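Down below is the structure, laid out as structure tokens.
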Amino acid sequence: MIIALSGGVGGAKLALGLSRVMPAAELLVVVNTGDDFEHLGLSISPDIDTVAYTLAGLANRELGWGRHDETWSFMATMEALGGQTWFRLGDRDMALHIERTRRLKAGETLSAVTADLCRRMGVGPAVVPMTDDPVRTRLLTDLGWLDFQEYFVHRRCEPVVSQLRFQGAGAARPHPAFIAALADPALQAVVICPSNPFISVEPILAIPGVRDALIGCNAPIIAVSPIIAGRAVKGPTAKMMTELGLDPSAGTVAQRYADLLDGYVIDHADMAEVVSIDARVTLARTLMTTIEDREALARIVLDAAKVLRRRELRGLRHSGQR
Ligand code: FO1
């Protein structure tokens, strides 16, 4: 059993790589829901959809979100009618949002709807939201507090960020399948995917009980850096780090995960950071352009986890050696 913590496009890429190099039934993808929002009367869960479409082979590879077989008549007509079109919703994608909204309104949980829709789309691994309770990432910027998609899409990550809040996280209960998997003796690794630490991973860690369950689990926790040579592969990670007064580096991300990490995979370009990272570091090509890159990085992560487990079994970890 492998658990992957995922958010955003980078997370989905590695989740796909993992799903192709191990038995899909042994992979549990726990997804950030802090990006979720209500828009045009629809309940939208972008990170769940990005993972689901990616694992189903339906994702738009250029955009990283939405579907590849998409048409845009609904958006064009919304434009003509003066409706909101800043958040692009394709015609096929709309079916998912409308059907999920209907089922949530009928009282189903987000995880129950997600599991069924993933099954219908042919997704192999289990995909669960970090919680079935509402959590919403909000950002304090030079324009005041913004909801996540308002910041990320509508304002294209341009506002200057000084604080983040995960509204509702304190009252949220981690998804039971997530907590059960962490307590499962068959757990072999927890992989923190190369997602933005602030907006994709920390909302998951902010849910009461998650950090303790991670620290208490008997498998190595290994993260992949979302930063290569001081730059984010995609999205506002580096910009956010600078605005939050942090050095935009692979090492800074490791510090954010500090007490959780046993292993950390960084790009060859960041070799100089190895000395500053308090985890067992593996150097790799972490830029995932092709499907082979996704699979290769996934294999490296799983191999690094095996080494960490062997060393732990030999008790080296208790002797303080890495
Ligand atoms: N991201 C954009 O930058 N522009 C969009 O218009 C957009 C639409 C969209 C629709 C459905 C969906 O599932 C995701 C969508 N995203 C869009 C991506 C989304 O905002 C981000 O992927 C996450 O919220 C952050 O990782």
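The values are calculated or read from the model by the stated rules, or taken from the named source; none is laboratory data. Note that this is a predicted model, so its numbers are computed, not measured. Neighbour counts run over all protein chains shown; Cβ positions are idealised from the backbone, glycine included. Please note that ligands, DNA and RNA were not included when accessible areas were found on the heavy atoms of the full protein model with its side chains. Shrake-Rupley method; radii C 1.70, N 1.55, O 1.52, S 1.80 Å.
No other residue among Ile207, Ile221, Ile215, Ile192 is buried (at least 23 other Cβ atoms within 10 Å of the Cβ) and farther than 20 Å from Leu297 by Cβ apart from Ile207.
Looking only at the stretch 271-319, filter to residues that are under 14 Å from Ala250 (Cα atoms) and among the small types (Gly, Ala, Ser); which one of those is modelled with the lowest pLDDT? The residue in question is Ser276. Of all residues in the stretch 255-277, which are touching a helix residue (DSSP H, G or I) at 6+ places or on another chain (Cβ under 7 Å) and either assigned to a loop (DSSP other than H, G, I, E, B) or of a type in the set (A, V, I, L, M) (or both)? The answer is Leu260, Leu261, Asp262, Val265, Ile266, Ile277. For the stretch 56-79, the set of residues classified as among the basic types (Lys, Arg) and either in contact (Cβ under 8 Å) with a residue 12 or more places away in the chain or surrounded by 15 or more Cβ atoms within 10 Å (Cβ to Cβ) (or both) consists of Arg67 only. Screening Val9, Val29 for residues that are in contact (Cβ under 8 Å) with a residue 60 or more places away in the chain, of a type in the set (Val, Ile, Thr) and open to solvent by 10 Å² or more (accessible area, probe 1.4 Å) leaves exactly one candidate, Val9.
Checked against (1) among the hydrophobic types (A, V, I, L, M, F, W, C); (2) open to solvent by 20 Å² or more (accessible area, probe 1.4 Å); (3) within 10 Å of the ligand (Cβ to nearest atom), Ile48 meets all criteria but (2). I want to confirm something. Restricting to the stretch 15-26 and keeping residues that are open to solvent by less than 10 Å² (accessible area, probe 1.4 Å) and touching a strand residue (DSSP E or B) at 6+ places or on another chain (Cβ under 6 Å), which single residue is nearest to the ligand (Cβ to nearest atom)? Here the answer is Ala15. Note on the stretch 129-232: no enclosed helices (runs of 4 or more DSSP H) hold 1 or more residues that are over 23 Å from Ile48 (Cβ atoms), in contact with a Phe, Trp or Tyr (Cβ under 9 Å, 6 or more places away or on another chain) and touching a residue at least 60 places away in the same chain (Cβ under 8 Å).
Strands (runs of 3 or more DSSP E) fully within the stretch 1-111 that include at least 3 residues being aliphatic (A, V, I, L, M): 2-6, 27-31. Looking at (1) closer than 20 Å to Leu104 by Cα; (2) surrounded by 15 or more Cβ atoms within 10 Å (Cβ to Cβ), which one does Gly41 not meet, given that it meets all the others? That leaves (2) as the condition not met. Arg102 - would you say it is at pLDDT 95 or above and within 15 Å of Pro46 (Cβ to Cβ)? Criteria not met by Arg102. Of all residues in the stretch 122-140, those satisfying the criterion of being within 16 Å of the ligand (Cβ to nearest atom) and either more than 20 Å from the chain's Cα centre (by Cα) or among the basic types (Lys, Arg) (or both) are Arg136, Arg138. So in the stretch 112-128, with the set limited to residues that are in contact with a helix residue (DSSP H, G or I) (Cβ under 6 Å, 6 or more places away or on another chain) and outside any loop (DSSP other than H, G, I, E, B), which one is surrounded by the fewest Cβ atoms within 10 Å (Cβ to Cβ)? Across the stretch 112-128, the extreme among qualifying residues is Met121.
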